1. List the lysines whose Cα lies under 16 Å from the Cα of Lys184, skipping any in the same chain that are fewer than 8 positions away.
2. Which is the longest run of the chain containing none of the trypsin sites (Lys or Arg not before Pro) found in DSSP loop states (not H, G, I, E, B) with at most 15 other C-beta atoms within 10 Å?
3. As I understand it, the value is the acute angle between the Cα axis of helix 32-47 and the longest principal axis of the Cα atoms of the chain; what does it come to in degrees, rounded to 10?
4. Can you bin every Cα-Cα distance in the chain into 5 Å intervals starting at zero and give me the percent of pairs per bin, rounded to whole numbers?
5. When you take every Cα atom in region 114-188, what is the radius of gyration, and what is Dmax, the widest Cα pair distance, in Å?
6. Ala22 versus Ala43, label points 7 Å from Cα toward the beta carbon: distance in nm?
7. Normalising by the residue count of the chain, find the relative contact order in percent from Cα pairs under 8 Å and 6+ residues apart.
8. Can you show me the helix-derived [θ] at 222 nm for the chain, built from DSSP H runs with n ≥ 4 at -39,500 (n - 2.57) apiece and divided by the number of residues, rounded to the nearest 500.
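What follows is calculated from the coordinates using simple rules that are stated; it is not laboratory data. This structure is a prediction, so every number in the text was calculated from the model and none was measured. Counting neighbours? That spans all protein chains shown, and the Cβs are built from the backbone with ideal geometry, glycine included.
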Amino acid sequence: MRILLLLCSLGAAGFAAYLATAAKNSYSAYSVSQLDMMEAELARVSQGREPDSEEALVSLQLLREERQRRQHFPLAAGAAGLLGLAGVVLLVRGGGISSRFSVSVSSGEETRLVAAMGRPEDLAKGAREKAAALLGVRPDAPPSVILAACEAQLQEYDAARMAGLPPDMQRQAREQREALVRAKDLLLKPPGA
């Protein structure tokens, strides 16, 4: 719907631009009062049997087209503005730009994904439990217990204690320290955050 409104707005703006530029004719430079005077004279000439009556009819048609152009231009410009404003409002209130570019997933695909991976809530809960097991605490442990457990574990993998070990064991110790810090950070965040 948002895109349709924006496209309609663009179309109305294009039509208004056409009326403002390309649709002008030789009567476009005249004022309304001048057009009134010329229309009255051209109508009089076209009613008669004068040799210029056919040219007067063509001129009268051009003059009336100019009047219509002047009536349609503000309508087209107003429609473009209103439709554009409505489209922008719907774009902002209807979920924003990011939802416009999000991937749509059918319910069948969602079902298969949940069956294969599990529900996102369960995955987050499982990650908290895994982090708690790594630190040796409960998932709902108080922050002070989590911090103390992490500090105790980090001391076991201190870089100074690993100085004489082979490079691959030092790399494993660094990775273990990083995992412990990630586990601590995860457990210190409130569940669902």
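1. Those lysines meeting the cut-off are Lys125, Lys130.
2. The answer is 50-160.
3. With both axes taken from Cα atoms, the answer is about 50 degrees.
4. In order of increasing distance, the bins hold 1, 7, 9, 7, 7, 6, 6, 6, 5, 5, 4, 4, 4, 4, 4, 4, 4, 4, 3, 2, 2, 1, 0, 0 percent.
5. Cα only, region 114-188: 14.6, 47 Å (Rg, Dmax).
6. That separation, rounded to one decimal, is 3.2 nm.
7. Working: 130 pairs, mean separation 42.9, N = 193.
RCO, the chain: 22 percent.
8. Values: 8 runs with 144 residues, N = 193.
Taken over the chain, the calculation gives -25500 deg cm²/dmol.
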